[in-house]
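Participant: Take this structure first; my questions come after.
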Amino acid sequence: MSIQFDQTTQTFHLTAKNTSYIFQIVRDGYLAHLYWGKKVNAYHHSNELRFTDRSFSANPEAEDRTFSLDTLPQEYPSFGHSDYRNPAFQVQLENGSTVTDLRYVSHTIFKGKQGLEGLPATYVEHENEAETIEITLKDDLINLIVILSYTVFENFDAITRSVRFVNEGESNLKLLKVSSANVDFRQSDFDLISLPGAWGRERYVARTELRPGMQSVESRRGASSHQQNPFMALVSKNTNEEYGEVFAFSFVYSGNFLSSVEVDQFGYSRATMGINPFDFSWLLEPGSEFQAPEVVMVYSANGLGAMSHTYHRLYRTRLCRGEFRDKLRPILINNWEATYFNFNEEKIREIALLGKNLGMELFVLDDGWFGKRDNDTTSLGDWFIDKKKLPNGLEPLANEIRDTGMEFGLWFEPEMISVDSELYREHPDWCIHVPNRRRSESRQQLILDFSRKDVCDEMISRVSAILESAPITYVKWDMNRHMSEVGSAALPPERQRETAHRYMLGLYRVMDEITSRFPHILFESCSGGGGRFDPGILYYMPQTWTSDNTDAISRLKIQYGTSLVYPTSSMGAHVSAVPNHQVDRITSLDVRGHVAMSGNFGYELDVTEMSAEEKNIVSEQVEFYKQIRPIVQFGEFYRLFNPFESNHAAWMFVSDDQLDAVLTYVKVLAEPSDAFIKVCLKGLNPDVKYHIEAIGKSFYGDELMNVGLNIPLMNGDFKSIMWHLKAE
Ligand code: DGJ
């Protein structure tokens, strides 16, 4: 049993493989947080709550000056009755007040885990994989029910949380803030790790000390965004890859989010994660419910590496779904950086067929095949084949490519509308907008109002019609701008601030419908690269285009940062031409290959323009990737050298049976009189002897891990190796 309730002390103890999470009902039904951390077998309140009279911390019961909510570590703190810290939620009553008072009513514990209505979430395949507790809290004055749900994935060593609000009263309530999880730590000597970035520079690792007051990681852009990722970890000061404590929070949501940490006057810290309350409210009419998305909490006593392993395993196998979840992903060739919008049928045929000859398995026709899409100013929404470019339509071309044994994939951007489109001329109110205000364009496009059912239905049918029209087995689902002038023509004034969240619910429905209608299609999400690389989207689409920046050296940081949370099988990585189109850097085909082969591998350049020598290297890379693909895509991932802290990066992949491993090492800049480098490998079986074909030598796992392996001296900038280690 992973969830136990001690009736005498009114204490809940949740235990996963190596983790305990403990809380208690105190006084008249307050839910107090006691502990989250390394597993304890039996808990007897060694850190019991202590109370004392604190000046300026108000007392809900006048006669007891030692009790204040301001000093109580809580599970889901309300606003208004003496807790001055950041509340987990806020509700406005019809009388204008925002004071609430939640108390414990009951709880139920059951095996397994239930889905969240309309939202992505982790799931179980067998009910004994997890146990769930639902705790019902109530504000008696207004008959507001709040159900806190905790699921313990025992073997995965993760705890998920979500919250449901039910209005059982007779008046309207307005939700102003709804967090999905709150943890009150009785310490604040942490560093905060997050994954900020920008377009082309997504998920760079940032680490900063906690200080008194508020610190936050958030998006207000209508998408999880390039700028921040819905992830944060509080780590002890000494934490590195292998040592130290990590308390991590990952939000299964793709829209505006807020994760914050408040260090209070007593040195406690309150971590909260949920939908961003900024420009959000939700009218909760009598009898209605609001389901908040899920937070996945992971504790590691052994540094960031172990945290990542937990997220990788859980997200790869219990968040991603569908036919492709456990399937090897194809090596693709995409025409975007090869042709941009400038192609015809012949050019596509040439690229695809040459790609096939070089061993690639999937051709992806990117942007530019529909409407009058000769550049990025037009036609989004007009999902009809451009007969100028493809005079015979899509089907014969797709068939021809498929007849060679190559799969055929297609790009869409279903959430968008160009002002210059038939769709916009017909339905100018179908975009997100606010009456009488300008409609700011970004990449000269507007966003379709996916909070509207009619808009979603039309897009489902337009995209489906194309998918039915040709033998398509892969879709790249793009999204190329963030929201502005957020409002919906279909919502009443009191619901305008629901638009951004309703958009996400609409998007999730559309994705659910399309991916279930076409289960044989592999979907890869994209948002100008990695602008929506989040667990919410991974529930529908098991891989994401990691970044529009295809430069191998930039990718070291991008892929390293992304790997903190997301499994390799979710990361698209392509070899592109040099000078690189985003940063103008020139790197060898080797280093580009080694970095791209550290993800879901592909090419994005004009293969028809390559020299014979380059084509040879490409076909060798493809051949090599086919050998290592199961280890890279589904093995355990270990970070060895951190490119944010040094002049090189290294990581490795180890198969589950520990009989195969792959080591990638990249040196960034040449240095005079540089040191000899050796790297201590990880995750190997100490007693197994591994042969490294590239150097013709064999070593036992313990030697490779404890003594380390020499990296050859390589002169010049941007040098790399990628070695396959095989058990003898
Ligand atoms: C942005 C994507 O990230 C690119 O890979 C490409 O698909 C373009 N959009 C097409 O417009």
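The values are calculated or read from the model by the stated rules, or taken from the named source; none is laboratory data. All figures in this text were calculated on a predicted structure; none of them were measured in a lab. Note that we place each Cβ from the backbone using ideal geometry, even for glycine, and neighbour counts take in every protein chain shown. Protein only, heavy atoms only, side chains kept; ligands, DNA and RNA dropped before computing areas. Shrake-Rupley method; radii C 1.70, N 1.55, O 1.52, S 1.80 Å.
Participant: With θ set to phi - 60°, apply the Karplus curve 6.51 cos²θ - 1.76 cosθ + 1.60 along the range 695-701 and write out the HN-Hα couplings as whole Hz, x wherever there is a Gly or Pro.
Facilitator: Ordered by residue, 3J(HN,Hα) equals 10, x, 10, 10, 8, 6, x Hz.
Participant: Taking θ = phi - 60°, what integer Hz values does the Karplus form 6.51 cos²θ - 1.76 cosθ + 1.60 yield along the range 209-217, in sequence order, with x for Gly and Pro?
Facilitator: Karplus values, whole Hz, x for Gly and Pro: 6, 6, 9, x, x, 9, 10, 9, 10.
Participant: Something else: Below 28 Å, Cα to Cα, which lysines can K372 reach? Residues fewer than 8 away in the same chain don't count.
Facilitator: Hits, sequence-local ones excluded: K347, K387, K388, K389, K453, K476.
Participant: Under 5 Å between amide hydrogens, which residues at least 5 positions from S421 or on another chain qualify, with H placed 1.01 Å from N in the peptide plane?
Facilitator: Under 5 Å from the amide H of S421: S379.
Participant: In the P(r) worked out for the range 518-608, what percent of Cα pairs fall beyond 19 Å?
Facilitator: For the range 518-608, the fraction of Cα-Cα distances above 19 Å is 37 percent.
Participant: When the accessible area of the chain is split by element with a 1.4 Å probe, what percent falls to carbon and sulfur?
Facilitator: Looking at the chain in its full context, I get 46 percent from C and S.
Participant: For G244, enumerate residues with amide H under 5 Å from its amide H, sequence gap 5+ or separate chain, H modeled in the peptide plane.
Facilitator: HN-HN under 5 Å from G244: G303.
Participant: Let me ask something else. Let me check the size of the range 43-176 from its C-alpha atoms; what are the radius of gyration and Dmax in Å?
Facilitator: Computed over the Cα atoms of the range 43-176, radius of gyration and Dmax are 17.5, 52 Å.
Participant: Here is a further query. For the range 517-616, report the accessible area per residue in Å² (1.4 Å probe, heavy atoms, rounded to an integer).
Facilitator: For the range 517-616, the solvent-accessible area averages 22 Å² per residue.
Participant: Hey, what's the range 628-728 come to in accessible area per residue, 1.4 Å probe, Å²? Provide the component values of the computation, followed by the final result.
Facilitator: Numbers: 4660 Å² over 101 residues.
Computed with neighbouring chains in place, this is 46 Å² per residue.
Participant: Using only the Cα atoms, what convex hull volume per residue in Å³ does the range 626-728 have?
Facilitator: Values: hull volume 10.5 nm³, N = 103.
Cα-based convex hull of the range 626-728, divided per residue, equals 102 Å³.
Participant: Next up: Would you mind getting the accessible area per residue of the range 306-381, heavy atoms of the protein chains only, 1.4 Å probe, in Å²?
Facilitator: 31 Å²
Participant: Roughly how many Å² of D454 are accessible to a 1.4 Å probe, to the nearest 10?
Facilitator: Estimated to the nearest 10 Å², D454 gives 70 Å².
Participant: Can you compute the helix-only [θ] at 222 nm over the chain? Use -39500 (n - 2.57) per DSSP H run of at least 4 residues, normalise by all residues, nearest 500 deg cm²/dmol.
Facilitator: About -5500 deg cm²/dmol.
Participant: Mind jotting down the distance between the C-alpha centroids of the range 589-635 and the range 1-68, whole Å?
Facilitator: For the range 1-68 versus the range 589-635, the Cα centre distance is 54 Å.
Participant: Then there is this: Round to the nearest 10 and report in Å² the accessible area of F523, as given by a 1.4 Å probe over the protein chains' heavy atoms.
Facilitator: 10 Å²
Participant: Round to a whole angstrom and tell me the spacing of the C-alpha centers of the range 695-728 and the range 170-220.
Facilitator: 40 Å
Participant: Going 7 Å from the Cα of H691 along its beta-carbon direction, which residues of the range 622-661 have the amide nitrogen within less than 11 Å of the resulting point?
Facilitator: Within reach of a label on H691: no residues.
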